[in-house]
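The values are calculated or read from the model by the stated rules, or taken from the named source; none is laboratory data. Quantities reported herein were computed from a predicted structural model and do not represent experimental measurements. Ideal geometry is used to build each Cβ from the backbone, glycine not excepted, and the neighbour counts take in all protein chains shown. Each accessible area value is taken on the protein alone, full model and side chains, heavy atoms only, with ligands, DNA and RNA left out. Shrake-Rupley method; radii C 1.70, N 1.55, O 1.52, S 1.80 Å.
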Amino acid sequence: MATKSEALKWLAAGYDITPIQVSFDENGHASKKPFLSYATDKVNKLWVLSNWKKTYAIGLVLSGEDYVVFDFDDMQTLKQFESEYPVIKSGVHEQSVTGRGVHIYFENNEGLTQVIDIIKGLDIKASKNNYVVVNPETDLDEVTELPEVLWTFYQTNKSNGRKVSNNNDLNDFTIHELDMIVDGFGEEGTRNNNMSLLVWTLISLGFSKNQLYAVVGLANSHSGLTDGEIEKTVETSWRKWTNGN
C-alpha cells in the first residue's frame, strides 16, 4: 500500500494516478478495485491531501502512449519467459502487490493495446485508461523502448488472449450510485446495503458529512428508510473513514 506522501510524489512527477483498494483471499490472491471512475474522475493534490488513506495502493492510469507493462503472475512464468526472451530483463522490474508476480515496464512506442492471458500467466497492460498497481518505489525514469523481439512476441501471440478495449465508461459502482440518487435504494431487503454502498462511494469521492446527509436524504425520498437508519449508516461509516476523528 502507499502513504499519502508517496501518492503526492507520483502526482508531482506528472503521473495520472488513482486510489486502488486491494484485498486478498485465503489463498493470497489479490482482488483490486478502483475507488473512482478513473477514466473521468481525476485525482489531484487536494483530493490526495483530503482523502488518501494508507490502505490505498497507487494505480497508474495508462494513456495508451506511455507504458506497456508485462504482468507476470509468478516467478516461474517469468523464468520460463526469460529463457526464450532474455531481453525482457532490460525492462524496469517491480514486484507485484501480491509479492508473487512481477511487472516489467517498457515504453509503449509501438502502440500496443491490452491483452489478458497472451500466454498462460502473462497479461499485457497498455491500453488507454487501463491501470496497473505500482510499487511506490518504482523509478519509471529508467524505462526504455520496447525491444523489437518483444513486439514480435506480442504480434505473434495477441490473438491467443482476451483484448480489452479503452475503458471510457463509468464503472458499475458509480453507475449504481447515480441510479440510487435518482431512483432510491431499491427493493425492500436491499435498501440498507445499497445505502451503505452510496455512502462509501460519496466518502471516497471527498464528500463532507453534511453533503452525505443531503445526498442520502435525496435518494431516500424515493425509499422511506428512517432517519435513525440513515444516521447510523452515515455516522458509522464516517467514523471508520476518519479513524474515529
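Numbers at a glance
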read-out: Calculated from backbone phi, Karplus (6.51, -1.76, 1.60) coupling profile of the range 20-27 in Hz, x at Gly/Pro; value: 10, 8, 10, 10, 10, 8, 5, 9
read-out: Carbon plus sulfur fraction of accessible area for the range 110-153, probe 1.4 Å, in percent; value: 43
read-out: For Phe24, solvent-accessible area (1.4 Å; no DNA, RNA or ligand), Å²; value: 100
read-out: For the chain, built as a Gaussian network whose Cα springs stay under 10 Å, the top-fluctuating residue of Gly64, Gly101, Gly14; value: Gly14
read-out: Total formal charge among the other residues, if their Cβ is under 13 angstrom from that of Trp241, Lys/Arg +1 and Asp/Glu -1; value: +4
read-out: Spatially proximal lysines relative to Lys125 (Cα-Cα < 22 Å; intrachain offsets below 8 disregarded); value: Lys32, Lys33, Lys42, Lys79, Lys89, Lys158, Lys163
read-out: Separation between Cα centres of the range 180-245 and the range 61-139, rounded to whole Å; value: 39
read-out: Two-decimal log10 I(q)/I(0) for the range 88-168, as the Debye equation yields it once each C-alpha is a single scatterer, q = 0.14, 0.22 Å⁻¹; value: -0.47, -1.23
read-out: Among Gly186, Gly206, Gly228, residue whose mean-square fluctuation peaks in a GNM of the chain (springs only between Cα atoms under 10 Å); value: Gly228
read-out: Net charge of Cβ neighbours under 12 Å - reference Asn193; Lys, Arg +1; Asp, Glu -1; value: -2
read-out: Spin-label pair Lys240/Thr98, simplified geometry with 7 Å Cα→Cβ offset, distance in nm; value: 2.6
read-out: Cross-link reach list, aspartates and glutamates versus Lys240, counting only Cα pairs under 16 Å and skipping chain neighbours closer than eight places; value: Glu231
read-out: Most mobile listed residue (Gln114, Gln76, Gln21) in the chain, GNM with C-alpha springs under 10 Å; value: Gln76
read-out: Relative contact order (%) - the chain, alpha-carbon pairs under 8 angstrom, separation at least six; value: 18
read-out: Stokes-Einstein D in µm²/s, Kirkwood radius over Cα pairs - the chain at 20 °C with 1.002 mPa s viscosity; value: 108
